[in-house]
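Peer 1: Mind looking over this structure? Questions follow.
The values are calculated or read from the model by the stated rules, or taken from the named source; none is laboratory data. These numbers were taken from a predicted model, which means no experiment stands behind them. Glycine also receives a Cβ, built like all others from the backbone with ideal geometry; neighbour counts cover every protein chain displayed. We work out accessible area using only protein heavy atoms, side chains counted, and drop any ligands, DNA or RNA first. Shrake-Rupley method; radii C 1.70, N 1.55, O 1.52, S 1.80 Å.
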Amino acid sequence: FASSGIAAATMFMPEKLTEVSESQLRVAFDGDAVLFSDESERIFKAHGLDKFFEHERENEDTLLDHGPLKGFLEALGKLQKKFYAKGHRLDCPIRTFLVTARSAASSGIRALKTLRAWGLEIDEALFLAGARKGPMLEKIRPHIYFDDQMFHVEGAAEMGTIAAHVPYGIAQKHNAKQNTSVKK
């Protein structure tokens, strides 16, 4: 569905749920192949990390194309703005997070510029520079986390976060290869 422009995700429930806020909806998103296209991830998978960083530097001022869940973030943003208009910016009952393996200094700039150009706000952007996402998700305690890579979805679920796998982008081809090799 995601390749057809329809947002889709499969939810994975952890065995033991982390306690989450009852007064604030917290939604966390991966960047590449979720909010943004998988353009940069394709470079990384085909040519490695150095070429990825080079590509991001060369394209720092070029916006990333949208990914399958951009529209969902837009809808959350519209709801947030209604609360802001009533003076509830600091105590808004909706909070959004970008949780990405990108690093802030090198490749994160492009992601932030893209969000800004789209007129979208993220309450917190967390650039993990390749670190595992599960421990950070355990700290921010989102109600749901969206990612295109099963490794991160499983890591989130292990930490007690409901995670949703977005079946979009180059990572799906990698996942299929891994699944095929495991079955043999």
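Peer 1: Can you give the extra length, in nm with one decimal, that the chain gains between H143 and H66 once fully stretched, where that is 0.36 nm per residue apart less the Cα-Cα distance?
Peer 2: Going from the current span to full extension adds 25.4 nm.
Peer 1: Subtracting the Cα-Cα distance from 0.36 nm times the residue separation, let me have the gained length for Q24 to F12 in nm, one decimal.
Peer 2: 2.2 nm
Peer 1: Please find the FRET efficiency linking K51 to R116, where r is the Cβ-Cβ separation and R0 is fixed at 35 Å, and quote it to the nearest 0.05.
Peer 2: So the FRET efficiency works out to roughly 0.85.
Peer 1: On to the next question. For the range 79-174, what Kirkwood radius comes out of the mean inverse Cα-Cα distance, in Å?
Peer 2: 14.7
Peer 1: Assuming 0.36 nm per residue, please report the length gained on full extension of the stretch F151 to S103 beyond their Cα-Cα distance.
Peer 2: Extra length available between F151 and S103 comes to 15.4 nm.
Peer 1: Keeping all protein chains in place and using 1.4 angstrom, which order do F53, F83 fall into by accessible surface area, from largest down?
Peer 2: These residues rank, largest area first, as F83, F53.
Peer 1: Moving on to the next point. Where in the chain is the longest stretch that carries no GluC sites (Glu not before Pro) classed as loop by DSSP and with at most 15 other Cβ atoms within 10 Å?
Peer 2: Answer - 122-184.
Peer 1: Quick check on the chain: of the DSSP beta bridges with both residues there, what percent are antiparallel, nearest 5%?
Peer 2: Percent antiparallel among DSSP bridges in the chain is about 20.
Peer 1: Okay, next question. Determine the dipole magnitude for the chain: charges of +1 sit on the beta-carbon of Lys and Arg, -1 on that of Asp and Glu, nothing else is charged, the reference point is the Cα centre, and the result goes in debye to the nearest 20.
Peer 2: 240
Peer 1: Turning to a different aspect of this structure: Of the heavy-atom accessible surface of the chain (probe 1.4 angstrom), what whole percent is carbon and sulfur?
Peer 2: Here it works out to 55 percent.
Peer 1: Using a/c under 1.5 as the rounded threshold, could you call the chain rounded, prolate or oblate? The axes a ≥ b ≥ c are square roots of the C-alpha gyration tensor eigenvalues, and prolate needs a/b larger than b/c, oblate otherwise.
Peer 2: oblate
Peer 1: Could you give the dipole magnitude of the range 75-137 about its Cα centre, charging the beta-carbon of Lys and Arg +1 and that of Asp and Glu -1, in debye to the nearest 20?
Peer 2: Result for the range 75-137 is approximately 180 debye, rounded to the nearest 20.
Peer 1: To continue, here is another question. Excluding same-chain pairs closer than 8 in sequence, count the lysine pairs in the range 46-145 whose Cα atoms lie under 18 Å apart.
Peer 2: Pairs that pass both the separation and distance tests number 4.
Peer 1: Still on this model: Extending each Cα 7 Å along its Cβ direction at E158 and N59, get the distance between those two points in nm, one decimal.
Peer 2: Reported label-point gap for E158 and N59 is 3.0 nm.
Peer 1: Keeping every protein chain in place, order F12, F97 by accessible area at 1.4 Å, biggest value first, i.e. largest first.
Peer 2: F12, F97
Peer 1: Would you please name the trypsin sites (Lys or Arg not before Pro) within the range 68-159 that are DSSP coil residues with at most 13 other C-beta atoms within 10 Å of their C-beta?
Peer 2: K86, R89
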